[in-house]
Each structure stands twice: as C-alpha cells, then as structure tokens.
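Worksheet: one structure, shown below.
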Amino acid sequence: MSSQRRRCPYCLHLFIPDPRRKERQATCGNQECRQKRKRQSDKEWRSRHQDYFLGIYQQQKEEYGTRAEYKKQYRQLNPDYVRRNAAFVKRCREHRRKALAQHVSHTSCDLRLSLWKEMGSVSITHVSHTSRDILVTVSQKEV
C-alpha cells in the first residue's frame, strides 16, 4: 500500500490519494477542485468529439423534441398521471409542514422520545442535560 503524497493541480495542496482510486485520483477531493477537473475533462471531451452534437443528437431532437415538450405532451395524454402526481406533491408538502411544526427547540421543556420494543416494556429512569446534550437513562422491565 503506497501512501505517496501528490499535489492537487488546482489548489496546490498535498494529498494522499484514496487507495481505491489508485492512480486515477487527479485532485485533492475538495469540491471546488473536483468541479474544475470536471469542467476541464468536459472541455477536453468536447474538443475530441466536436461532431457529437451535430449528428444523431440533432436528428433525435428534431424527431422527439425537447424533454419539456415531451413532458407537456405526456401530461396532456395522461390526465390520471397528473392527478396522482398532484396528490403525491400535496401529501409531501403536508408531511413537510407537519415535520416543521413538530420540531422541538433544544431549549424547550418538552422532550419527545419514541421507543419501540417487541417484548417487554421500557421506562425512563433519569433525564439530565448539559448545555449541548440530553442524557436519558433507560431501564427494561421484565414482563
């Protein structure tokens, strides 16, 4: 296993490549460096494949249209899909609203605790807190 350090070509920091990536890792892993590498890689690919977007891609776009056009046409032809999707979106938004409404502040005196046990019962024997943590001691009662 080699721990040979490399220099990132974008931020110039030294890094140890991930052993799973072996020699293929080109950047330190920082998001900005990865984005720069991706832009460079895409630019190189486009320069090697200049005719790619002029051939079959253009024919397909003319024949099938854009994704937005396809979705608009699909919705017109499938009103049941539109209804199901609207109901799904409504449920998701309600669920999100309820989750936000149930949020308990760390300074609140209310403590919500959910426990599930298949057999037996559980009781909370002690609750204490510090400025950052709430510590709960739980004991199990035999049934």
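No value in this document is a laboratory result; all are computed from the given coordinates. For clarity, every value in this text was computed on a predicted model and none was experimentally measured. As a convention, Cβ positions derive from the backbone with ideal geometry for all residues, glycine included, and neighbour counts pool all protein chains shown.
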Self-check item: FRET E, pair Ala101, Lys43, Förster distance 30 Å, beta-carbon r, rounded to 0.05
Solution: 0.05
Quiz item: Of Cys33, Leu12, His49, which is farthest along the charge dipole of region 7-50 in the positive direction, counting Lys and Arg as +1 and Asp and Glu as -1 at C-beta?
Solution: His49
Exercise. Check each of the trypsin sites (Lys or Arg not before Pro) in region 1-88 and keep only those in coil by DSSP with at most 14 other C-beta atoms within 10 angstrom; list them in order.
Key: Arg5, Arg20, Arg21
Quiz prompt | Neighbour-limited loop hits for chymotrypsin sites (Phe, Trp or Tyr not before Pro), region 26-93 (at most 15 other Cβ within 10 Å; DSSP other than H, G, I, E, B) | solution = Tyr52, Phe53
Quiz item: Check Gln25: other-chain or 5+ apart residues with amide H under 5 Å from its amide H, H built from backbone geometry?
Solution: none
Quiz item: Shape call for region 1-96 from the C-alpha gyration tensor, a ≥ b ≥ c root eigenvalues: rounded (a/c under 1.5), prolate (a/b greater than b/c) or oblate?
Solution: oblate
Quiz prompt | Size of charge dipole - region 7-50 - debye, nearest 20, with Cβ of Lys, Arg +1 and Asp, Glu -1, no other charges | solution = 140
Self-check item: R0 of 35 Å, Cβ-Cβ distance Arg6-Tyr74: FRET efficiency to nearest 0.05
Solution: 0.15
Quiz prompt | Virtual spin-label span in nm between Phe53 and Ala87, 7 Å along Cα→Cβ | solution = 4.2
Quiz item: Fully extended, how many nm does the chain gain between Arg67 and Glu94 (0.36 nm per residue separation, minus their Cα-Cα distance)?
Solution: 6.8 nm
